[in-house]
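See structure below.
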Amino acid sequence: MTKNCFLNYSKSFLVIITVFFSSCLFAQQNDVPVQLENQFWRNVQFGGGIGLGFGSGYTDISVAPSVIYNFNEYVALGVGLQYKYLKQKDFYASHLYGGSVIGLFNPLPEIQLSAELEQLRVNVNLDGSNSNSENYWNTALFIGAGYRSGNATIGARYNVLTDKNNIYGSAFMPFIRFYF
């Protein structure tokens, strides 16, 4: 075998070996992000609430989806959206929309403590007068505690930022929270 022929075979062999090992290395690199992504989604839970209230000339419809990330069995952090429509016949119609950030702490599997910062845009249209319409932001900070069983928590929360212009009837509110 001549020297040139040996060099050509050596180069071809090195190219084949390089391609083979580089494809194996890339295959290994692709598996790591998939594993991390799967681990992330195992800790994510979706939930929220839907509310309907009807009465004598009164309508209350609300939708509030949310998502949380469980850092461990004790601590979770999440975000939520909220939309609410309120109407009192012959008096007003109101649209409220915004978001919230929620932190959950479970010192025991059955006990859940929470803190939720909520920011809502409030649009109120008084019937018969556009000049009396109001548009403003409402901020609430709820501190709560509840009993947790499976995916559901039932408890109460208190708005520590309540004032005379608060959109809620009371600073104290019961809640039922679901996450799947």
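Flag: Q39 does not match the condition of being modelled with pLDDT of 90 or more, under 34 Å from the mean Cα position of the chain (by Cα) and more than 15 Å from Y179 (Cα to Cα).
Condition (residue is of a type in the set (F, W, Y) and closer than 22 Å to G48 by Cβ) applied to the stretch 144-165: is it met by at least one residue? Yes, the conditions are met somewhere in the stretch 144-165. Within the stretch 132-180, the set of residues being surrounded by 13 or more Cβ atoms within 10 Å (Cβ to Cβ), closer than 22 Å to L86 by Cα and small (G, A, S) comprises S133, A140, A171.
For the stretch 45-63, which positions are surrounded by 14 or more Cβ atoms within 10 Å (Cβ to Cβ) and under 24 Å from N151 (Cα atoms)? Break it down stepwise before answering.
The initial filter retains those residues of the stretch 45-63 that are surrounded by 14 or more Cβ atoms within 10 Å (Cβ to Cβ), namely 45, 47-49, 59-63.
Result: Q45, G47, G48, G49, I61, S62, V63.
Checked against (1) at positive phi; (2) at pLDDT 90 or above, G128 passes all but condition (2).
Confirm whether L161 is outside any strand (DSSP E or B) and at pLDDT 90 or above. So L161 fits the description; yes. Listed by position, the strands (runs of 3 or more DSSP E) inside the stretch 35-139 whose residues that are hydroxyl-bearing (S, T, Y) number at least 3 are 58-70, 92-108.
Condition check ((1) of a type outside the set (F, W, Y); (2) touching a Lys or Arg at 6+ places or on another chain (Cβ under 7 Å); (3) surrounded by 14 or more Cβ atoms within 10 Å (Cβ to Cβ)) across all residues:
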| residue | (1), (2), (3) |
| --- | --- |
| K84 | yes, no, yes |
| K87 | yes, no, yes |
| D90 | yes, no, no |
| L96 | yes, yes, yes |
| I102 | yes, no, yes |
| P107 | yes, no, no |
| Q112 | yes, yes, yes |
| E118 | yes, no, yes |
| V122 | yes, no, yes |
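The values are calculated or read from the model by the stated rules, or taken from the named source; none is laboratory data. Everything numeric here is computed off the predicted structure, so don't read it as measured data. A quick note on method: Cβ atoms are made from the backbone with ideal geometry, for glycine too, and the neighbour counts reach across all protein chains shown.
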